[in-house]
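Below you'll find the structure, written out as structure tokens, and then a few comments.
The values are calculated or read from the model by the stated rules, or taken from the named source; none is laboratory data. Predicted model only: the values in this text are computed from it and were never measured. Here Cβ is always computed from backbone atoms with ideal geometry, including for glycine, and neighbour counts include all displayed protein chains. In case anyone asks, the SASA skips ligands and DNA or RNA and just uses the protein heavy atoms, side chains included. Shrake-Rupley method; radii C 1.70, N 1.55, O 1.52, S 1.80 Å.
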Amino acid sequence: CDVFKRAIGSAGAAVFPVLVPMLEHAVGAFESCQAVASLEVLQASVEAFGADSTAIAGLAAPLGRALSSVLPLRTTSHPEVVGAVFDLAHRSLLFAPGALFASGAIEPLLDGAAVA
């Protein structure tokens, strides 16, 4: 995941053609082991491509998939995962609100905020 995050940060728009497969791999890693680094890949992509209207659909699906795999939050959730989820939501609201709203994760996020 660190390689993906660095590629997004350093290569910028050159990564765009392979962004969705890259995000799908990161989300798959998050679903299997809830590695915070996987959410950081999503966060970097939201920051880098959130202003690009053509990227919204490509960002929304992986974002929704990652968030739905951890929401609703449980009191047994690891604190670092909970923090990373809300960091991702915060960055998404700042840089790509359209992708966050299109992901269908707003209501579960608000429910999770009530629990956290």
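Of the candidates ALA57, ALA61, ALA51, the single residue that is surrounded by 14 or more Cβ atoms within 10 Å (Cβ to Cβ) and in contact with a helix residue (DSSP H, G or I) (Cβ under 8 Å, 6 or more places away or on another chain) is ALA61. Count of region 85-116 residues, restricted to those that are open to solvent by 30 Å² or more (accessible area, probe 1.4 Å), within 20 Å of LEU23 (Cβ to Cβ) and of a type outside the set (A, V, I, L, M), is 10.
How many residues, within region 5-58, are aromatic (Phe, Trp, Tyr) and modelled with pLDDT under 85? Here the count works out to 1.
Scanning region 26-42 for residues being surrounded by fewer than 22 Cβ atoms within 10 Å (Cβ to Cβ) and touching a Leu at 6+ places or on another chain (Cβ under 9 Å) gives a total of 1. Listed by first and then second residue, the pairs linking a residue in region 31-47 that is in contact (Cβ under 8 Å) with a residue 40 or more places away in the chain to a residue that is surrounded by fewer than 17 Cβ atoms within 10 Å (Cβ to Cβ) and of a type in the set (D, E, K, R), with Cβ atoms under 6 Å apart and 6 or more places separating them unless they lie on different chains, are VAL36/GLU80.
Being open to solvent by 60 Å² or more (accessible area, probe 1.4 Å), modelled with pLDDT under 90 and under 19 Å from SER103 (Cβ atoms), is that true of even one residue in region 74-84? Scanning region 74-84 turns up no residue that is open to solvent by 60 Å² or more (accessible area, probe 1.4 Å), modelled with pLDDT under 90 and under 19 Å from SER103 (Cβ atoms). Scanning region 6-18 for residues that are touching a helix residue (DSSP H, G or I) at 6+ places or on another chain (Cβ under 8 Å) and surrounded by fewer than 21 Cβ atoms within 10 Å (Cβ to Cβ) yields ALA7, GLY9, GLY12, VAL15, PHE16.
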